[in-house]
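Structure, as structure tokens:
The values are calculated or read from the model by the stated rules, or taken from the named source; none is laboratory data. None of these values were measured; they are calculated from a predicted model. Cβ: placed from backbone, ideal geometry, glycine included. Neighbour counts: every protein chain shown. Surface areas here come from the heavy atoms of the whole protein model, side chains and all, with no ligands, DNA or RNA. Shrake-Rupley method; radii C 1.70, N 1.55, O 1.52, S 1.80 Å.
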Amino acid sequence: MKSLKEQLIKYLAINHDWHAKGHLTDTLKWQYLESGETKTAMADTISRKLREAEEEKRIARKDLGKSCQYKFLPPDIRDKYICWSDRPNDQKDILFIKY
């Protein structure tokens, strides 16, 4: 069984559109293996893994009002992506660096 983070990235890679965080955390049931036991991931754990994947620039995040969405980042544009935490507060809507 793949790690939870790898499962999330694979799901976003297969389903190319933007996906609401609520859909990923509350609707889909993610499972992972710990000490030989299969467990269902809690929403906080899924959120943490999404943040980790974004920091690695493997997925992108955009915000729409009170909710955020995630999408797989193809390797060829990862170097242009600006992580949410690195964006200036007045430019949270900027996703990519313009060369």
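How about segment 3-26: which of its residues are in a helix (DSSP H, G or I) and exposed (fewer than 12 other Cβ atoms within 10 Å of the Cβ)?
Keep residues of segment 3-26 that are in a helix (DSSP H, G or I), which gives 4-14, 21-26.
Within segment 3-26, 14, 26 qualify.
Every residue in segment 83-99 that is under 17 Å from residue 50 (Cβ atoms), surrounded by 11 or more Cβ atoms within 10 Å (Cβ to Cβ) and over 13 Å from the mean Cα position of the chain (by Cα), please.
Just the residues of segment 83-99 that are under 17 Å from residue 50 (Cβ atoms), to begin with: 83-87, 92, 95.
Cutting the leftovers down to surrounded by 11 or more Cβ atoms within 10 Å (Cβ to Cβ) gives us 83-84, 87, 92, 95.
Across segment 83-99, the qualifying residues are 87, 92, 95.
Hey, among the residues in segment 58-82 that are in a loop (DSSP other than H, G, I, E, B) and within 21 Å of residue 23 (Cα to Cα), which one's nearest to the chain's Cα centre (by Cα)?
Step one: list which residues in segment 58-82 are in a loop (DSSP other than H, G, I, E, B), which gives 58, 65-66, 73-74, 82.
Among the residues that remain, those that are also within 21 Å of residue 23 (Cα to Cα) are: 58, 65-66, 73.
Details: 58: 8, 65: 17, 66: 16, 73: 10 Å.
Among them, the one singled out is 58.
Which residue is most open to solvent (accessible area, probe 1.4 Å), if the candidates are limited to segment 27-52 and must be hydrophobic (A, V, I, L, M, F, W, C) and either closer than 13 Å to residue 70 by Cβ or not in a helix (DSSP H, G or I) (or both)? If you could, list the steps in order and put the result at the bottom.
At the first step, the residues of segment 27-52 found to be hydrophobic (A, V, I, L, M, F, W, C) are 28, 30, 33, 41-43, 46, 50.
Still in the running and either closer than 13 Å to residue 70 by Cβ or not in a helix (DSSP H, G or I) (or both): 28, 30, 33, 41-42, 46, 50.
Numbers: 28: 45, 30: 20, 33: 99, 41: 13, 42: 133, 46: 1, 50: 1 Å².
Restricting to residues being hydrophobic (A, V, I, L, M, F, W, C) and either closer than 13 Å to residue 70 by Cβ or not in a helix (DSSP H, G or I) (or both), the top hit is 42.
Of everything in segment 36-55, what is of a type outside the set (A, V, I, L, M) and free of Cβ contacts under 8 Å to residues at least 40 places away in the same chain? Give them in sequence order.
36, 37, 38, 39, 40, 44, 47, 48, 51, 54, 55
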